[in-house]
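Quick notes on the structure that follows.
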Amino acid sequence: MRTAALVVLACLLAGCESRHTGISVEAHGYGAKKPIRKIHVEYQGAQAVNDRFSKVLSIALMDQGLEIEPDRNKAEGLITVRAEEKTGPKAIYAKMLKLNLATRDGSSHMIDTCQFTSEQAISVEGYWSSSDRISLIDKVKEVVPVPATIYVGPIREDKDSVLSDAIKGEFERGHYRIATNRSEADATVVEASPHVGEIPLIALQQHISLKATVDGWTGYSFTTDAERDVYQSPTKPLPEAVRPCSDSVPFYTRNNSRDATWDAAVQVAQSLARRQ
């Protein structure tokens with residue numbers, strides 16, 4: 001007897017406008033798989049979430065030529081769904097970059113800019129990765145309009161000059177000239193420091209776990225889970241530390257991102273419709 005092969009089908013990670021899902025795993029089993037059509041679905045847990053997901057699942061199955069069978073004894077396959085739901089605090093995490101910019105007239109300007117937000121925690125406070133994008137130009141132009149020359153001085157704890165190189169590249173993309181020394185510059189980046197914070201929001205948090213089996217497919221199973229967060233608009237001003245990222249909040253409160261529970265429904269439907 002061959003051991004069932006486990007194949008990871010999908011793992012979606014959160015981004016600015018995404019909802020996160022777990023890992024979908026299919027055990028292929030062995031032997032021939034006779035095509036099936038009728039699927040029975042059993043629900044447990046939060047009624048409101050299950051009611052919503054049942055509509056999503058029905059469409060996903062129909063798109064794959066499958067149908068829901070109310071009678072378990074007449075069905076060829078079984079999907080079990082468990083749903084959870086709660087409303088409560090759900091932070092959005094923000095990474096920002098603070099610049100101390102000195103201009104030729106002797107003025108000092110502190111510029112704090114939002115770099116990105118995420119539903120996943122940002123664990124390293126002062127670290128800058130080469131993959132992190134830089135967003136500075138709009139704020140800097142308010143202080144130092146182009147064309148201008150900017151000198152980027154040494155930045156503390158900037159290993160391998162990753163952050164200073166990223167800042168220089170951003171200035172060049174914004175049509176600034178990079179000075180080789182401070183004396184010839186219209187403005188100087190005296191210091192730059194990344195920092196992170198939490199944007200406190202309230203969200204309706206829904207979680208779906210499901211498993212599919214087929215009576216005539218020996219060793220077959222499919223499991224997945226998905227989370228869907230519906231964020232509420234904040235009723236109070238954001239904490240001072242994360243206000244640079246206030247413009248990012250509508251990306252979450254509009255809830256216009258792809259629905260991970262729909263993805264889970266499509267994945268299980270596609271798995272059950274396989275012709276192998």
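The values are calculated or read from the model by the stated rules, or taken from the named source; none is laboratory data. What you see is a predicted model, and the numbers here were worked out from it, not measured in a lab. Methodologically, a virtual Cβ is constructed for each residue, glycine included, from the backbone with ideal geometry; neighbour enumeration extends over all protein chains shown.
For beta carbons closer than 6 Å, sequence separation of 6+ or different chains, a first residue in the stretch 146-168 that is among the charged types (D, E, K, R) and a second that is crowded, with 18+ Cβ neighbours inside 10 Å and modelled with pLDDT of 95 or more, the qualifying pairs are K168/V152. Q270 meets all of the listed conditions (1) of a type in the set (S, T, N, Q); (2) crowded, with 22+ Cβ neighbours inside 10 Å; (3) more than 17 Å from the chain's Cα centre (by Cα) but one, namely (2).
Taking the stretch 68-89 as the range and being exposed (fewer than 12 other Cβ atoms within 10 Å of the Cβ) and acidic (D, E) as the test, only D71 passes. Quick check on my filter: what residues within the stretch 18-45 are of a type in the set (D, E, K, R) and modelled with pLDDT of 80 or more? Hits for the stretch 18-45 are E26, K33, K34, R37, K38, E42. When you go through S209, S193, S221 one by one, which is the residue that is surrounded by 15 or more Cβ atoms within 10 Å (Cβ to Cβ), within 30 Å of I150 (Cβ to Cβ) and of a type in the set (S, T, N, Q)? Going through S209, S193, S221 in turn, just one is surrounded by 15 or more Cβ atoms within 10 Å (Cβ to Cβ), within 30 Å of I150 (Cβ to Cβ) and of a type in the set (S, T, N, Q): S193. Name the residue that is farthest from E119 (Cα to Cα), counting only residues in the stretch 62-89 that are among the acidic types (D, E) and touching a residue at least 40 places away in the same chain (Cβ under 8 Å). Filtering first and then ranking leaves E76.
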